[in-house]
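Novice: For reference, the structure I am asking about is given below.
The values are calculated or read from the model by the stated rules, or taken from the named source; none is laboratory data. The model shown is predicted, which means the values in this text are computed figures rather than measured ones. As a convention, Cβ positions derive from the backbone with ideal geometry for all residues, glycine included, and neighbour counts pool all protein chains shown. Side chains included, ligands, DNA and RNA excluded: accessible areas come from the protein's heavy atoms. Shrake-Rupley method; radii C 1.70, N 1.55, O 1.52, S 1.80 Å.
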Amino acid sequence: MIGIKQYFFCLFFLKVLVIYSQTIEINYEQSFQNSSINLYKKYDLVLTDSLSIYIERESKSGNKNEGNVYNQKTYNLELGNKMNSNVYVNKRDGFYFLETFFGQALEIKEDVFKNNWQMIDSTKYIANYECKLATKEFRGRKFFVWYTNQIPTTFGPWKLNGLDGLILEARDSNSEFKLNALKIKSIDASTDTLYNALINKINLLFENEKEILTIDELKEFIDNKNQIILNRVKQQLPRGVSTPKLSSNCEECNDSLEKY
Amino acid sequence: MILLKNIRLIIVFVYSSICFGQVNISGSVSDSLNPISSATVILKDSLSKSIIAYTYTDDEGIYQLKTNKTGRFYLVVSSLGYEAKTVPLVLNSEQKNLKIDVVLKEKPMDLDEVIIQAESPISISNDTINFKTKYFTDGTEQTVEDLLRRIPGLQIDSEGTIKVGNQEIEKLMVDGDDLFEKGYKILSKNMPAYPIEEVEVLKNYSNNRLLKGVEESNKVALNLKLDEKSKRIWFGNIETSIGNDSFYQLKGNLMNFGKKNKYYFLTNLNSIGYNATGDIQDLIRPFRINEPASIGDGQSVNTLLSLSPPQLNFKKSRTNFNNAELVSLNAIFNPTEKLKIKTLGFFNWDETDFFRNSTDFVDVSGASFTNTEDYQLQNKKRIAFGKLDFIYNFSKTKMLEATTKYNNGDFDDVSNLVFNGNSTLENLQHQNTLFDQKISYSTKFDDKKVFLLTGRFIDEESPQSYSFNEFFYDDLFPASDNANNVSQQSNSQMKFAGINAHLLDRRDKGNLLELQLGNEFREDKLFTTFSVLEDNSIIDQPTGYQNQTKYQVNDLYFKSKYLFKIKDFGFTAKLDAHQLFNRLENNNLSDHQSPFFINPSLGMDWKINGKNKLMTSYSYTTTNAGVLDVFDDFVMTGFRSFTKGTGDFNQLDASSLVFNYQLGNWSDRFFANTFIIYNKNHDFFSTNTQLQQNFAQSEKILIKDREFISINSDLDFYFKSISSNLKLDLGYTKSEFKNIVNSTGLREVTSNNYNYGLELRSGFRGAFNYHVGTKWTTSQIKTTIDNSFTNNVSFLDLSVVFNDKFDVQMQSELYYFGNLETDNTYYFLDFDARYKLIENKLTLGLSGKNLFNTERFRSFSISDIGFSTTEYRLLPRFVLLKMEYRF
């Protein structure tokens, strides 16, 4: 009798404990610039022990200083809307993300990330955090990141996960991709309505298994779209001109961030 | 039997070899009471610190890791809100299962908005400082000039001159291309600010790309970078304003800044006193001091007569009653990679009126009188200007530049003057025709050596026709009894031809050797005919008042300069040698002269440390007399003034000493810049004047010893607590010279000027910003009498940005004149309100100028012969309703 009561009591406490888990939010600025692309976006990384969400933040365009804009952030996740915010989610059962390809917003489940981080013997301070340097090859680029053990998490911004600390700064070897943490703060999960709304939306987003593509399916989709464009070009060529072929060996093709 | 045993053994061996090296690490993670789920467990190599494997604890706090590595490792267990724990462990091949339970201590992270790094609005690299405009603007900026006022370190004065620190910029480029050179104001005053994303300040700038790194340049240039969506499309704006009493303004800009071709068309029609060209002279005649390939810059025809409004110390737009039209077409073409063609053309029609009443009190030996003038000046001008630039890059190290300029101006100035009760009429019609051709070839024949060869030809002519319908000069021309008006026809012509070879050799350690060899020939013709008329017939052309002057100067020169750097010191030594051939023909009498002179100069600059810089220099210069100094007979230079030159050759020698100390950089919290300039003219041209109530005759005379000293200090403090910048401006100027008035004998004139000013400017992020300042000026002139006065100008500018759509700017000024007994204080109030009806498309505005309707403005000034009070008529109060459409 007493045993069962105590059992349920413990279970109750366990449930409470599971709910309590610190949530922190980090604001990042992420940019990708080369001779043909110039993208600059602000992202928020919201993470707990079991979940991380890295989502693009819409801010009012224009001339206000950043201090005022932070309070007016919005996330845009209406499916079917071409201007979706990019989202990258780390759940326990895998990594999911939403990006727009050829005007279509796609939900994709990532392949398991390779555990190929290499440490470089170097430290520096970013704000008050002691950071170490690590590097990894990923989808055709070599990334260098500074991360800190003082914020223990394996989750990170964008698709950079798997270290034993939070990444505060990242760039690739060509300095085309740059990532900087701007602000860190803790969130009170019980009272922050924006955060809770976000969690609900994310759960809804990656709920339907059938809608989620794998990386191979994504590659197929990209190839199909490229082929359609090529076909349209072929249709307009005059007589006697040989048809061009899709080739991945061109100088300008190194312009995208990831090579699938 | 044995087989079975063996098989079992084999199986056992095989089984253990399959399991060889696979260790299973597991355990629980808890906080001493309860298990922690979703804690991170990482296995790291103890030496390389690389992560071998990682996992998370499940809902019961249990984790499991597998690895087949051996050696020394760390097991790092962490969870948000707890202190991470590191467990060292050694794995060897014999272990199969390891159980490691970890207890974590609570340590909640207290993160109260830790700010790591703000995106830098300013980035500095080598010689370039880059400002992202969105951090400095508040949306109220209309033109590029408004935008540049917000960039820290840039100073824009009331006429629109842009300076970085204390130095004026060479050019204002758009995406790397320059359209206007020193005439950049036409761009900064008209181009809208909204497409500009970044402003780059380029230090140590070289106009000639081959000279970058070779020439010693502290020049600065600005480059405006446009945002992506504004490139390759046609964009622009149209603004129309209508107000009371036929005040209007129509402005239009049409631009296309593509990579290959850039086009910029602009137009400005207004009657509100606004001068859209900035200063036309900077566009027609840009002047580059001592720059390689600048031969012929600054050579222009000299004219004697001009009827134009004087420079006043407040906004010219307040006294400029105008009706101006300006159309400008500009383009840059890059037809091939090596060739660049720039075209610039503008047409300007302007009709300006200027009104002034003045009373002059003259008290000097032999003359004591008062003159009153009621002056109404009307200037009509029509200017057409075209410029064509070819730049051909033969290779990375060779280039050719050819510039052709043509200017044609027509001016008609009429002044209605009531002089001491007499109603008179002055009329000056003049034209200006200029043709200018320059070709410059530069080659970088070694990594740090450049050779330039430049040739230039200028032909400029300025005929003038002046008439005055009264005759006040009985004492000068006693024979002309029935004369009742005078006229003067004059023609000034200038031809210039020059060639210059310049070698720059940048040695190691930063030393620079420069050698120049050149020949410059200039011919000036000054033909003046002064006639005394009775009605329409000429009754006399008095001798002594007609000029047929031809002045030819040929300067063969060799210039050398060596810049020598040791540690933080830089020493500059210059030696110039000139062999002149002068020929002067005055009314058929000719003379020639071949002077030779050497001008040395020494300078030193010392960079004491990052914050302190010292610069000093001494130079001795000889200046050859110009055509206006050598003509022999009197020329009429105004309705009551006649001037004549010396009739002879002259070279003037001067020594000057400059000292400059700079503390801090303009981007520091505290910045101070002090200048001391001392100049002594060993000989100079002064005047011997016969002064009477109705006329003054001046003759140029050569006098020895004139001194000038000026001390000026600018201090800037930034107060973080009130987010404001305090600026202190102190200056003192003293000059001493001598002249002769009414046969007094040489008298000494000393002039002292003090000025002290204070300015406080806020940089609040919020809706409200202010800029307040005051400046006191005390002037004193001492001859046999002592005249002095103190004036004050104060201003208060307020800016309120109510929201994204609506903002109001207000500017108020106060002028106080110390010596006027009555009417000595004047207030002005201007405001500008703007409402954005459709963001980035349509904006409505309301602006009012001179709201206190101050119609007249009286000021006081002193000179070495007396003092005068002058009253100017001002544009009355007007309110404009504006509409701007952007596309």
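Novice: Short version: what are the Cα gyration tensor semi-axes of the protein assembly as shown, square root of 5 times each eigenvalue, largest first, in whole Å? Please list the in-between numbers first.
Specialist: Numbers: eigenvalues 1178, 219, 176 Å².
Working from the Cα gyration tensor, I get semi-axes of 77, 33, 30 Å.
Novice: May I pose another question? Against the 2.2 N^0.38 Å scaling, with N counting residues, where does segment B:122-261 land? I'd like the Cα-based Rg ratio to two decimal places.
Specialist: Values: Rg = 15.9 Å, N = 140, 2.2 N^0.38 = 14.4 Å.
Rg over 2.2 N^0.38 Å, computed on Cα atoms: 1.11.
Novice: Can you find, among B:122, A:205, B:693, the residue farthest towards the positive end of the dipole of the protein assembly as shown? Put +1 on the C-beta of Lys and Arg, -1 on that of Asp and Glu.
Specialist: So the residue we want is A:205.
Novice: Hey, what angle do you get for helix B:2-18 against the long axis of chain B, alpha-carbon based, 0 to 90 degrees rounded to 10?
Specialist: Roughly 20 degrees between the two axes.
Novice: If you project the alpha carbons of segment B:310-392 onto their three principal axes, what span does each projection cover, largest first, in Å?
Specialist: That works out to 71, 31, 21 Å along the principal axes.
Novice: How much of the accessible area of segment B:122-261, probe 1.4 Å, is carbon plus sulfur, in whole percent?
Specialist: Of the solvent-accessible surface of segment B:122-261, carbon and sulfur hold 49 percent.
Novice: Interface B/A, total buried accessible area with a 1.4 Å probe, nearest 100 Å²?
Specialist: 3900
Novice: Based on Cα positions only, what radius of gyration and what Dmax would you give for segment B:12-103, in angstroms?
Specialist: 13.8, 47
Novice: What is the Cα centroid distance between segment B:164-220 and segment B:525-569, reported in whole angstrom?
Specialist: A separation of 34 Å, based on Cα centres.
Novice: Evaluate the charge dipole of chain B about its Cα centre and quote only its size in Debye, nearest 20, assuming +1 on the Cβ of each Lys and Arg and -1 on the Cβ of each Asp and Glu. Working shown, then result.
Specialist: On the way: 97 positive and 109 negative charges, 1040 e Å.
It works out to roughly 5000 debye.
Novice: Moving to a separate point now. Which lysines have a Cα lying under 16 Å from the Cα of residue A:178, excluding residues fewer than 8 positions away in the same chain?
Specialist: Within reach: A:41, A:42, A:136, A:142, A:159.
Novice: In addition: Pop out the carbon and sulfur fraction of the accessible area of segment B:61-108 as a percent, whole number, probe 1.4 Å.
Specialist: Solvent-exposed carbon and sulfur of segment B:61-108 make up 47 percent of the total.
Novice: Follow-up question, since we're still on this one. Would you calculate, for chain B, the mean residue ellipticity at 222 nm contributed by helices, counting each DSSP H stretch of 4 or more residues as -39,500 (n - 2.57) and dividing by all residues, to the nearest 500?
Specialist: Estimated from H runs of four or more residues: -1000 deg cm²/dmol.
Novice: While we're on this one: Roughly speaking, what is the stretch gain from residue B:577 to residue B:274, that is 0.36 nm per residue apart minus the C-alpha to C-alpha distance, in nm to one decimal?
Specialist: Residue separation times 0.36 nm, minus the Cα-Cα distance, leaves 104.5 nm.
Novice: Principal axis lengths of segment B:54-206 from Cα atoms, whole Å, largest first?
Specialist: Cα spread of segment B:54-206 along its principal axes, largest to smallest: 85, 33, 26 Å.
Novice: Run the Debye formula on the Cα coordinates of segment B:730-887, all scatterers equal and no solvent, and tell me log10 I(q)/I(0) at q = 0.11 1/Å.
Specialist: -0.65
Novice: Given 37 °C and 0.692 mPa s, compute D for segment B:826-887 with the Stokes-Einstein relation, Rh being the Kirkwood radius over Cα pairs; round to the nearest whole µm²/s.
Specialist: Numbers: Rh = 14.4 Å.
Estimated diffusion coefficient is 228 µm²/s.
Novice: Find, among the trypsin sites (Lys or Arg not before Pro) in segment A:100-208, those assigned to loop by DSSP (not H, G, I, E, B) with at most 13 other beta-carbon atoms within 10 angstrom.
Specialist: Answer in residue order: A:114, A:139.
Novice: Rounded to the nearest 20 debye, what is the charge dipole size of the protein assembly as shown about its Cα centre when +1 sits on each Lys and Arg Cβ and -1 on each Asp and Glu Cβ?
Specialist: With Lys and Arg at +1 and Asp and Glu at -1, about 5320 debye.
Novice: Need the full-extension length gain, residue B:601 to residue B:517, defined as separation in residues times 0.36 nm minus the C-alpha distance. One decimal, nm.
Specialist: Full extension from residue B:601 to residue B:517 adds 28.5 nm.
Novice: Can you work out the accessible area per residue across the protein assembly as shown, with the rest of the protein chains kept in place, probe 1.4 Å, in square angstrom? Walk me through the numbers before you get to the answer.
Specialist: Values: 56280 Å² over 1147 residues.
On a per-residue basis, the protein assembly as shown sits at 49 Å².
Novice: Counting Lys and Arg as +1 and Asp and Glu as -1, what is the net charge of the other residues whose Cβ lies under 13 Å from the Cβ of residue B:351?
Specialist: On the way: positive: B:380, B:381, B:382; negative: B:325, B:350, B:353, B:410, B:412, B:413.
Summing Lys and Arg as +1 and Asp and Glu as -1 gives -3.
Novice: List the residues whose amide H sits under 5 Å from the amide H of residue B:696, counting only those 5 or more places along or on another chain, with H placed 1.01 Å from N in the peptide plane.
Specialist: Counting only residues 5 or more places away or on other chains, the set is B:641, B:642.
Novice: Provide the convex hull volume over Cα atoms per residue for chain B, in Å³.
Specialist: Normalising the Cα hull of chain B by residue number yields 246 Å³.
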